[in-house]
1. Tally time: how many residues in segment 105-140 are of a type in the set (Phe, Trp, Tyr), in contact with a Gly (Cβ under 7 Å, 6 or more places away or on another chain) and either in a strand (DSSP E or B) or more than 24 Å from Lys63 (Cβ to Cβ) (or both)?
2. Would you mind telling me which numbered condition in (1) more than 9 Å from the ligand (Cβ to nearest atom); (2) at positive phi Gly118 fails?
3. Is there a residue in segment 75-90 that is within 16 Å of the ligand (Cβ to nearest atom), touching a strand residue (DSSP E or B) at 6+ places or on another chain (Cβ under 9 Å) and of a type in the set (Gly, Ala, Ser)?
4. Could you please let me know if Glu64 is near the ligand (Cβ under 10 Å from one of its atoms), in contact with a strand residue (DSSP E or B) (Cβ under 6 Å, 6 or more places away or on another chain) and either within 26 Å of Leu277 (Cβ to Cβ) or without any contact (Cβ under 8 Å) to a residue 24 or more places away in the chain (or both)?
5. Is it true that Glu81 is within 23 Å of Val195 (Cα to Cα) and assigned to a loop (DSSP other than H, G, I, E, B)?
6. Tally up the residues in segment 267-293 that are without any contact (Cβ under 8 Å) to a residue 60 or more places away in the chain, out of contact with any Phe, Trp or Tyr (no Cβ under 7 Å at 6 or more places or on another chain) and of a type outside the set (A, V, I, L, M, F, W, C), please.
7. Go through the residues of segment 95-113 one by one and say whether even a single one is touching a His at 6+ places or on another chain (Cβ under 6 Å), touching a residue at least 60 places away in the same chain (Cβ under 8 Å) and crowded, with 18+ Cβ neighbours inside 10 Å.
8. Being under 19 Å from Asp206 (Cβ atoms) and among the β-branched types (Val, Ile, Thr) is the filter here; which residues of segment 137-166 pass it?
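Read the figures in this text as sums done on the coordinates, not as results from a lab. Keep in mind it's a predicted model, so treat the numbers as computed, not measured. Backbone-built Cβ (ideal geometry, glycine too); neighbour counts: all protein chains shown.
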Amino acid sequence: MSRIQRPRGMQDFIPPTSDIMEILVNRIADLFRSYGYRKIDTPILEHTELFMRLGETTDVVQKEMYTFMDRKGRSLTLRPELTAPVVRAYLELKEKPPLPVRYYYVGPIFRYERPQRGRYRQAHQFGIEVLGDDKPEIDLEVIYLAYRVYSELGLSELEVSVNSIGCPQCRHRFRDVLLKYLQPMREQLCNDCKVRIDKNPLRVLDCKVDRDKLSDAPRPIDYLCDECREHFQRLLELLNKAGIPYQIDHKLVRGLDYYNRTVFEIRTQINSRVLDLAGGGRYDYLASELEPKVNLPGCGFAGGLERLYMLLEESGKLPEAPEIFLLIAPLTPTAKDKVVELLNKLKPERSRPLTIHWSARSLKSALKYADRINALNVAFIGQPELEAKRLKVRDMRTGKQVELEFDELRTLLEGGSEL
Ligand code: HAM
């Protein structure tokens with residue numbers, strides 16, 4: 001029988017990768033929290049209908065969803081993104097919080113894509129959504145925080161691209177102009193775009209295959225109504241004020257259909273390949289797709305955790321996972337009793353973790369194990385230490401050894417004393 005392996009395109013995160021992922025997630029969550037965002041968790045499964053309403057012409061909905069029937073014959077889908085679930089969750093609230101409301105999330109998404117480096121079938125997104133305010137200052141806040149995630153982690157080679165695709169009225173006008181431009185070149189376009197022309201011509205603009213053929217394509221911002229143009233102008237002004245380096249990408253329309261006005265992406269280059277790190281924008285009409293007559297503007301972004309990790313790794317900027325600070329090795333049964341007694345008294349910190357080597361057979365074997373797990377210090381307790389009511393602690397890097405009272409161990413773990 002062959003060994004069972006994990007599903008294709010999905011990853012296990014094991015130490016030290018999982019340690020570092022946790023550090024990253026905590027830092028990102030701290031940033032969002034410090035700007036008044038609060039955590040939202042939604043189910044991993046949703047009714048398929050929720051995502052179908054995002055636009056049946058998008059690749060994510062058409063080709064990439066993990067959809068199945070449950071035991072009662074209901075169609076459920078593993079969430080391919082979190083914006084629609086977040087809006088759905090808000091709409092379901094009986095007691096609505098005051099608007100605007102600011103949420104953040106971190107969690108898995110599922111897309112049946114062709115796996116490659118940086119693209120997985122189970123990936124993790126972190127993101128924010130602001131519901132209930134349609135002003136450009138919110139767009140700025142969202143782009144600012146997206147940018148901060150990366151800059152705070154020491155990443156600076158970022159391209160921030162923004163564009164405006166206007167409201168449904170502007171888009172209607174633009175669509176006509178774009179179709180006139182695209183029709184004569186239909187035969188030169190890729191197969192996907194031949195279908196997109198009829199179903200969703202805007203998506204032709206950001207096709208990775210045909211991009212270069214469309215250098216003189218009409219630009220959405222030239223067809224904006226007055227309000228949409230003002231909104232975009234104001235956003236650009238604010239981006240300048242905030243000192244966020246950006247470029248207007250006239251072909252940026254994004255892969256999901258729910259956007260209006262502002263769309264943006266943060267990208268970088270790795271080995272001359274462009275990598276999308278994060279993307280988002282405004283979605284003032286999404287809520288009304290889910291519940292007619294509801295007016296709930298929204299704006300948000302999501303970034304990929306695996307891609308963030310990949311970029312940090314390539315740039316040599318991964319945070320370090322804390323090493324085991326103290327390995328306690330009781331060398332006799334009575335010493336083990338003593339350690340059990342100590343358990344309640346010791347208060348290890350996250351940054352100074354301790355572990356206990358219950359099965360150490362000798363000082364030599366304890367030191368060997370400490371060396372292999374990179375423990376910084378080893379405290380060993382044998383018969384002589386028990387009798388002297390003091391234990392010995394060895395600094396594994398310098399070999400320096402000190403004697404401590406049992407009570408002093410706690411101070412050491414809390415950073416109060418150094419060896
Ligand atoms: P998205 O552009 O589809 O937007 O995904 C956002 C980010 O998630 C991407 O830039 C990428 O870093 C990561 N990502 C997506 N798919 C994968 C994958 N298969 N493997 C690895 N990483 C992936 C959204 O999902 C929108 N909900 C963003 C948003 C929030 N718009 C408004 N609010």
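1. Residues flagged as of a type in the set (Phe, Trp, Tyr), in contact with a Gly (Cβ under 7 Å, 6 or more places away or on another chain) and either in a strand (DSSP E or B) or more than 24 Å from Lys63 (Cβ to Cβ) (or both) within segment 105-140 amount to 2.
2. Exception for Gly118: condition (1).
3. Yes.
4. no
5. For Glu81, the condition - within 23 Å of Val195 (Cα to Cα) and assigned to a loop (DSSP other than H, G, I, E, B) - is not met.
6. Result for segment 267-293: 7.
7. Within segment 95-113, not a single residue is touching a His at 6+ places or on another chain (Cβ under 6 Å), touching a residue at least 60 places away in the same chain (Cβ under 8 Å) and crowded, with 18+ Cβ neighbours inside 10 Å.
8. Across segment 137-166, the qualifying residues are Ile143, Val160, Val162, Ile165.
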